[in-house]
Amino acid sequence: MADEPFLLTPGPLTTSMRVKRAMLRDWGSRDGDFIALNAEIRERLTALVDGGHAFTGDDAFTAVPLQGSGTFVVEAMLGTLVPRDGRLLVLVNGAYGERMVKIAGYHGRAVDTLKTAEDVPNDPAALDAKLGSDPSITHVAIVHCETTSGIVNPVAAVAEVVARHKRRLLIDSMSAFGALPLSARDIPFDAVVASSNKCLQGVPGMGFCIVRKSALAEAAGNAPSLVLDLFDQDRAMGGNGQWRFTPPTHVMAAFREAMREHEDEGGVAGRGARYAANCRILVEGMRALGFETLLPDELQAPIIVTFRMPADERFHFETFYDRLRGRGYVIYPGKLTVAPSFRIGCIGDLHEAEMTGALAAIREVLGEMNVSDGKAVAA
Ligand SMILES: *Cc1c(COP(=O)(O)O)cnc(C)c1O
């Protein structure tokens with residue numbers, strides 16, 4: 001829409017008109033059409049991790065949707081799948097790893113961490129040593145793309161180590177799911193969570209957990225919360241196809257359209273390729289203006305890019321932000337603890353025109369601020 005800004009953020013994101021239009025009707029929660037819509041979404045989600053027909057019986061996966069933002073389903077996954085006498089090891093290199101530690105604390109579950117700096121990926125060798133020396137760890141949790149920095153973590157290498165030690169892997173793939181591949185055929189895991197409003201380009205209000213049926217079957221009675229009990233949610237939906245509590249009907253309708261749109265774009269490969277192209281345009285354009293990325297290109301996920309704050313004292317972030325907003329582009333503040341920074345996203349219904357448009361706006365605003373070079377303070 002004409003007066004609507006483009007959201008170059010980690011989400012909620014710019015959605016297509018096709019997705020917005022899907023919300024222009026009301027759905028009864030017990031209506032056959034809505035039950036079919038839910039079934040289609042669950043089927044499509046399971047297929048995205050190759051978790052359906054490649055596996056049989058209890059080795060197969062089920063997709064369990066849940067009301068709320070992404071954190072609700074992260075909390076539901078940890079609460080439902082880590083047993084009361086279990087012990088969780090979280091691989092931490094940013095705010096979303098820290099959040100999982102905090103959740104386990106609220107649940108009163110035993111929790112340990114293996115940390116690396118915000119600009120350093122999780123360390124599979126250190127994990128190997130840790131699991132070798134601590135048999136009490138039952139579950140390992142990883143953040144696929146740590147949105148704090150935009151770093152991509154080595155999920156395949158970590159999964160291999162966890163499987164070799166016969167522990168269970170839980171994945172927060174919130175900001176990567178649908179754009180970076182994650183196949184249960186290559187990468188052994190018990191569960192992965194993501195939400196409607198990131199790389200699948202729906203509207204916010206729903207998250208989902210794609211979980212191995214055998215792991216969920218063992219989890220009856222684990223959850224410390226009624227509304228966040230994925231075992232119960234799955235059982236109810238598997239029974240009459242209905243949600244236990246008022247479903248976010250319009251969010252689900254938009255999400256089904258978003259999943260069809262994702263397929264039309266070529267699925268994970270197609271979506272990932274567009275985001276990678278967006279990311280390349282952004283990084284090259286910003287470097288040409290003197291800006292420095294936090295991460296080297298090989299660690300950068302094509303999701304969101306962290307730039308170091310320029311050293312020029314005429315650069316004032318609030319002014320930069322407001323003037324870009326005035327030109328129709330919303331960027332995002334930094335969340336790093338190591339260095340002052342800001343972030344620009346490359347996900348959502350954004351294409352080459354929006355990325356080059358954002359760069360042109362950035363160039364203009366720098367000119368107005370008399371900043372000739374985005375070069376950062378020495379790290
Ligand atoms: C967005 C995100 C979440 C969930 O955040 P909400 O604000 O609750 O939607 C969790 N983990 C990661 C890695 C994310 O990027």
Mean-position separation - Cα centroids, segment 22-40 and segment 133-176, in angstrom | 35
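To the nearest 500 deg cm²/dmol, what mean residue ellipticity at 222 nm is calculated for the chain from DSSP H runs of n ≥ 4 alone, each contributing -39,500 (n - 2.57), summed and divided by the residues? The partial results should precede the final answer.
Working: 12 runs with 147 residues, N = 379.
Taken over the chain, the calculation gives -12000 deg cm²/dmol.
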State to the nearest 20 debye the size of the charge dipole of the chain about its Cα centre, where the only charges are +1 on K and R beta carbons and -1 on D and E beta carbons.
-> 480
Charge tally in the Cβ shell below 12 Å around P124, where Lys, Arg are +1 and Asp, Glu are -1, P124 excluded | -1
Cα gyration tensor of segment 247-317 - equivalent ellipsoid semi-axes, whole Å, descending = 33, 17, 9
Average projected area of the Cα convex hull of segment 323-379, in nm²?
-> 4.8
Checking G348, G57, G270 against a Gaussian network model of the chain (alpha-carbon springs below 10 Å), the top fluctuating residue turns out to be G57
Three principal axis lengths of segment 1-59 [C-alpha, angstrom, descending] = 50, 31, 14
Total charge of the residues flanking G272 in space, meaning their Cβ is under 14 Å from its Cβ, with Lys and Arg +1 and Asp and Glu -1, is +2
Using the heavy atoms of the protein chains alone and a 1.4 angstrom probe, what is the accessible area of segment 18-264 per residue in square angstrom?
-> 37
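What do you get when you divide the Cα radius of gyration of the chain by 2.2 N^0.38 Å, with N the number of residues?
Details: Rg = 21.0 Å, N = 379, 2.2 N^0.38 = 21.0 Å.
With N residues counted in the chain, Rg over 2.2 N^0.38 Å equals 1.00.
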Principal axis dimensions, segment 281-379 - Cα atoms, whole angstrom, descending = 34, 31, 23
Going through K20/K198; K130/K166; K115/K213; K20/K335; K130/K335 one by one, the pairs whose alpha carbons sit over 21 Å apart turn out to be K115/K213; K20/K335; K130/K335
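Expressed as a rounded percentage, what relative contact order does the chain have, with Cα pairs under 8 Å and six or more residues apart?
Values: 766 pairs, mean separation 90.0, N = 379.
In percent, rounded to a whole number, it is 24.
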Cα-based convex hull, segment 60-118, per residue volume (Å³, whole number) | 103
Do any GluC sites (Glu not before Pro) in segment 263-336 lie in a DSSP loop with no more than 13 other beta carbon atoms within 10 Å, and if so, which?
-> E313
Once you sort the root eigenvalues of the Cα gyration tensor of segment 145-200 as a ≥ b ≥ c, which label holds: rounded (a/c under 1.5), prolate (a/b larger than b/c) or oblate (the other case)?
-> prolate
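Heavy atoms only, probe 1.4 Å: what % of the accessible area of the chain goes to carbon and sulfur, would you let me know? Spell out each step's value before the answer.
Values: 8000 of 15130 Å².
Carbon with sulfur: 53 percent of the solvent-accessible area.
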Once segment 37-163 is represented by equal point scatterers at the alpha-carbon sites, with solvent omitted, what log10 I(q)/I(0) does the Debye formula produce at q = 0.20 Å⁻¹?
-> -1.29
Contact order relative to length of segment 1-117, as percent, for alpha carbon pairs under 8 angstrom and 6 or more apart | 14
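Is segment 130-247 rounded, prolate or oblate when judged by the Cα gyration tensor, a ≥ b ≥ c being the square roots of its eigenvalues, rounded requiring a/c under 1.5 and prolate requiring a/b larger than b/c? All intermediate terms of the calculation are to be shown ahead of the outcome.
On the way: a/c = 2.08, a/b = 1.22, b/c = 1.71.
Oblate, because a/c is 1.5 or more while a/b does not exceed b/c.
Give me the net charge of A104's neighbourhood, meaning all other residues with Cβ under 12 Å from the Cβ of A104; Lys, Arg count +1, Asp, Glu -1.
Every neighbour counted, the sum reads +2.
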Sorted by average packing, counted as other Cβ atoms within 10 angstrom per residue and highest first, what order do 100-111, 164-175 take?
-> 164-175, 100-111
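The values are calculated or read from the model by the stated rules, or taken from the named source; none is laboratory data. The shown structure was predicted, so the numbers you read here are calculated from the model rather than taken from an experiment. Backbone-built Cβ (ideal geometry, glycine too); neighbour counts: all protein chains shown. Accessible surface areas use protein heavy atoms only, side chains included; no ligands, DNA or RNA. Shrake-Rupley method; radii C 1.70, N 1.55, O 1.52, S 1.80 Å.
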